[in-house]
Amino acid sequence: MKHLLIASGFAIALASSAFGQSAAEKTGVNSLIGVAPKTEDFVTEAAASDMFEIASSKLALERADNATKTFAQQMVTDHQRTSEELKALVSGGKVKATLPTDMSKSQHSMLDKLQKLNGDDFVKQYHADQEEAHEMAVDLFKRYGDEGDNADLKAWAAKTRPALEHHLQMAKALNK
C-alpha cells in the first residue's frame, strides 16, 4: 500500500509540476518518504507557515486565556523574526525564490475557523492548530536542513529548527 501511495504521488508530481509548489510537496509525498523539498517549495511553505502563525497568534492575543496569550506572544515575536530572516535571504540574492504574498488555502481555512470561535472552543482549536502547524514546520525544516540544495537556506533551516521544536513542545504542553 505504501508503495502504491508513493508511486501515485510521483505520478501526480510529474503531471502537475507546473502549478507552482510541486505536487509531491503539496500532497505530503515528500514528507512521507523523507525527501527534501525544492528550494521554492521550502520558501513558500516556510513563509506561509509564518504568516499563519502570526495571524492566528494575534487572534489568540485577543481571545485566549493568559497561558495561551503568553505562548501566542512568543509565536508572534519568533515568527516575525524568522519571516524577516527568510525575506533577507531571498531579497539579498542568497536564495533564488519568490516569497508568497499569502498563506495557503488550508491555512486560510484554519484561520477562518478560528475567527468564528470564542472562549474554550477558540482556545482548544488554537492549541490543536498550533501543534499541527509546528509538527509540519519541524518536518519541513528538518528535511530541508538535512538535504536542501541551497547552502545558505539549508544552514538557516538547520539553525531555525530547534526553536520550532521548542514551539512544538510548548504547543503539546498547552494542548493537554
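Quick note: the coordinates plus some simple rules give every number you see, no bench work behind them. Predicted model, so just to flag it, every value in this text is computed and none were measured. Here the Cβ is made from the backbone with ideal geometry for all residues, glycine too, and neighbour counts use every protein chain on show.
Taking R0 as 41 Å, what FRET efficiency do you get between Asp152 and Asp120 from their Cβ-Cβ distance, rounded to the nearest 0.05?
Numbers: r = 44 Å, r/R0 = 1.06.
For R0 = 41 Å, the calculated efficiency reads 0.40.
Quick one: order His108, His79 by neighbouring beta-carbon count within 10 Å, fewest to most.
The order, fewest Cβ neighbours first, is His108, His79.
Which aspartates and glutamates, on any chain, are close to Lys116 with Cα under 16 Å apart, when same-chain ones fewer than 8 places away are left out?
Filter leaves Glu62, Asp129.
How high is the FRET efficiency between Leu61 and Asp139 when r is their beta carbon distance and R₀ equals 35 Å, given to the nearest 0.05? Could the numbers behind the result be given before it?
Numbers: r = 27 Å, r/R0 = 0.76.
Taking R0 as 35 Å, the efficiency between Leu61 and Asp139 is 0.85.
Give the cross-link partners of Lys154 among the lysines, using a straight C-alpha distance below 24 Å as the criterion and excluding same-chain residues fewer than 8 apart.
Within reach: Lys26, Lys38, Lys87, Lys94, Lys96, Lys142.
For a footprinting-style exposure proxy, rank Thr101, Thr70 by other Cβ within 10 Å, fewest first.
Fewest-to-most ranking of Thr101, Thr70: Thr101, Thr70.
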